[in-house]
Each structure stands twice: as structure tokens, then as C-alpha cells.
1. Condition (residue is of a type outside the set (A, V, I, L, M) and touching a Leu at 6+ places or on another chain (Cβ under 9 Å)) applied to the stretch 181-189: is it met by at least one residue?
2. Is it the case, given these coordinates, that A105 is in contact (Cβ under 8 Å) with a residue 40 or more places away in the chain, crowded, with 20+ Cβ neighbours inside 10 Å and more than 16 Å from the ligand (Cβ to nearest atom)?
3. Kindly evaluate E24 against the criterion of being within 16 Å of the ligand (Cβ to nearest atom), farther than 24 Å from A317 by Cα and modelled with pLDDT of 95 or more.
4. Can you name every one of the strands (runs of 3 or more DSSP E) wholly within the stretch 224-321 that holds 2 or more residues which are under 30 Å from V195 (Cβ atoms), in contact with a strand residue (DSSP E or B) (Cβ under 8 Å, 6 or more places away or on another chain) and of a type in the set (A, V, I, L, M, F, W, C)?
5. Please go through the stretch 261-294 and pick out each residue that is more than 21 Å from L38 (Cα to Cα) and in contact (Cβ under 8 Å) with a residue 40 or more places away in the chain.
6. Give me the pairs: first residue in the stretch 188-203 and of a type outside the set (S, T, N, Q), second residue outside any helix (DSSP H, G or I), beta-carbon distance under 6 Å, and six or more apart or on different chains, which are they?
7. Look through the stretch 68-94, keep the residues that are out of contact with any helix residue (DSSP H, G or I) (no Cβ under 9 Å at 6 or more places or on another chain) and either free of Cβ contacts under 8 Å to residues at least 12 places away in the same chain or within 15 Å of the ligand (Cβ to nearest atom) (or both), and return whichever of them is farthest from G146 (Cα to Cα).
8. From the list A105, A132, pick out the single residue that is closer than 30 Å to D256 by Cβ and not acidic (D, E).
Amino acid sequence: ATTTYTARAHTNIALIKYWGKKDEKLILPMNSSLSLTLDRFYTETSVMFDEQLKDDLFLLDGSKEKNDKISNFLEIVRQKANITAKAKIISKNHVPSTAGLASSASAYAALALAASKAAGLNLDKKELSRLARRGSGSACRSIYGGLVEWQEGIDDQTSFAHPIEMSRDFDIAMIALVISTDFKKISSRAGMKRVVETSPYYPAWVQNTAKDLRKLKQAISKNDFETFGEVSEENAMKMHALNMSAHPHFNYLEPDSIKAMKIVEKLRSQGVSCYYTLDAGPNVKVICRRKDIQAIVDRLSDSFGQEKVLVAGPGPAAHLI
Ligand code: DP6
């Protein structure tokens, strides 16, 4: 069958971070993590398998790319579906230009859904999450909308994401501040590997993150925004501390990241309930309630320019379009 399927999956931002693997091939994480899927940023991907193709063909945002990671991922799909045809893939990132927020999470979640369908598979959500995980760990969480937990599991069968019940009046927004799009980057894959292998603090991270996850889930169930923000911010800082304790040490923060973090802390001291998190790059994401968005956007726009400030809310699960 040469039917084309198109899927859309949204980016997610981790509040309790995934940072280290216990199995690099299967992408099994050292600890469970928890994220928020966002409405504003997503990837749309079309896949078609065709016996006539000599090689997998991949077009990202209009430009042709050779990508071994994607071909390896398609191999997993072909094995599951018991087919041999190569695939044609067209993918487009919907993130405001130069945002530097394009993510492997939305990319592999969309690819898992579109490719499995195009290959004739009808995976349930759990199987889809497991499949997306094989492309990029964080992608297993983008199969679901809203707040999502990735339970680490002990093997391929048991490592997948599931949604976390959030009360209907759980009020959350995320403001992404784009610090820089040109920086020398250590990929998350390489960064977390180095940390697992060399940071003397890594065992403490694993233990402590399990506690942070429990606290965060409790805060969600009690609708306790302050604890929710505090635990998220602290967990992100522990992840960045790991990087600085690796050998050779590295650091994703830029001077402007620190400047933004100070602004958030200052706003907080003035009574605005806001917290930050950062991933494998210098951009700062601010966690806040909807009523405080404007005050925070204004303050960040003053310092960084309003084109650098992007507001998002909870987003939907991956779906076919
Ligand atoms: C800092 O999912 O990109 O965003 O599994 O090697 O592809 P691979 O890594 P990836 O790592 C994401 C790291 C993070 C934290 C998180 O999303 O939990």
C-alpha cells in the first residue's frame, strides 16, 4: 500500500528531566520524567512507503537531508510491520522562525504515528509511545497532551508515557524566551551520556529525581502551583549542575540565560508566581499562571525584545490530520 499518512505532534517541555540512559540502544532512561505538552510548537510529518524507492527520502522544511537516525528508526517500523519498502518523509516544524525550539520530541512522535500508520500498523497509544521512544526518549511523552509522565520501566515493554490527571482548573502557561539560536551545542544525547559516565553526582541525581517526581505529582493533585513551580525549577537546576560536574564539564547557559533567570526571581520576590526551567540549550522557559502572563511578557520584552518572547499553553496529543 502506498497511502500517505500525515501526523501532527506537539513539543513537550520536561519539568522533571530525563537526563541519562540505562540502555542506549533501546533508550531506557535512568529515571522517570514528567513534562507539559505545548500548544504552540509542533511538527507535521507525512510518510509514504514505496517499493519503487531505492533509499529512504527525507525532506525537512523543504530541504533534503540524509539522516541515519531516521533510517534506523524506520528500520524498527519496517521490522514491526514486516515490510521492506523504503519511505518518503516530508516534515515541517511549526515553531516561530529562529526560535531554536524545534525538538526531536515532536519530530519523532509525529514520525512514529505517521510511519506506523503508513506501514499498515495500528498501534495503541502505549505501543506508539514505546515506538516514539526509540527515536528520541522525550518523544514518547509527546504522544499525549497536557501533563505526561514517562515511567522509566525496566525494558522495552515497560518504558512508556501516560497522561497525568490534571484538575480542570489547574492553571498553567509557559513563556519561552529565545536567548540565542547560534551557539555551540552539545546534543542532549552526548551531554547526558557524558554525565552518566563522569559526573560524581550522578547517583545522587537519580535518587533525588525520584523524590522530585513524587513531590511534583502531589503538587499537581493538590493544585498547589507554588510547589509545582519550585520543584520544577530546582530539578532543572540539578540537571544543569550535573553538566558542570561532568568531565570535561560543559554548560548550556549563556549570560542572557542567567539574566533572564534573575528577572524571574525578581518578579517572584515582587509577588508574581513564576519559575523557570532550561533544557539542553540557553533558552529559558518560564512556568506561570495565565493571569500573570502579561506582566512577565512585558518585563522580558523590555530586556530582550518582544519578538524573543513566545507564550504557550497546554497542547494536545499527537494525532493524524
Ligand atoms: C533536557 O529526548 O533529546 O530535554 O533520547 O538521546 O534523543 P535522546 O534525548 P532527548 O533528551 C531530552 C533531554 C531534555 C530533558 C527532557 O526532555 O526530559
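The values are calculated or read from the model by the stated rules, or taken from the named source; none is laboratory data. For clarity, every value in this text was computed on a predicted model and none was experimentally measured. Here the Cβ is made from the backbone with ideal geometry for all residues, glycine too, and neighbour counts use every protein chain on show.
1. Here is the first cut: in the stretch 181-189, the ones of a type outside the set (A, V, I, L, M) are 181-185, 187-189.
Imposing the further condition that a residue be touching a Leu at 6+ places or on another chain (Cβ under 9 Å) reduces the set to none.
No, the stretch 181-189 contains no residue that is of a type outside the set (A, V, I, L, M) and touching a Leu at 6+ places or on another chain (Cβ under 9 Å).
2. Numbers: in contact (Cβ under 8 Å) with a residue 40 or more places away in the chain: yes; crowded, with 20+ Cβ neighbours inside 10 Å: yes; more than 16 Å from the ligand (Cβ to nearest atom): no.
Spelling it out, it is not the case that A105 is in contact (Cβ under 8 Å) with a residue 40 or more places away in the chain, crowded, with 20+ Cβ neighbours inside 10 Å and more than 16 Å from the ligand (Cβ to nearest atom).
3. Working: within 16 Å of the ligand (Cβ to nearest atom): yes; farther than 24 Å from A317 by Cα: yes; modelled with pLDDT of 95 or more: yes.
Here the answer is yes, as E24 does meet what is asked.
4. Numbers: elements: 274-277, 284-288, 309-312.
Passing ranges, in order: 284-288, 309-312.
5. I263
6. G191/A280; M192/W19; M192/G20; R194/A246; V195/A246; V196/G20; Y201/S245
7. Taking the candidates together, the pick is N82.
8. Values: A132 fails: closer than 30 Å to D256 by Cβ.
After ruling out the rest, the residue left standing is A105.
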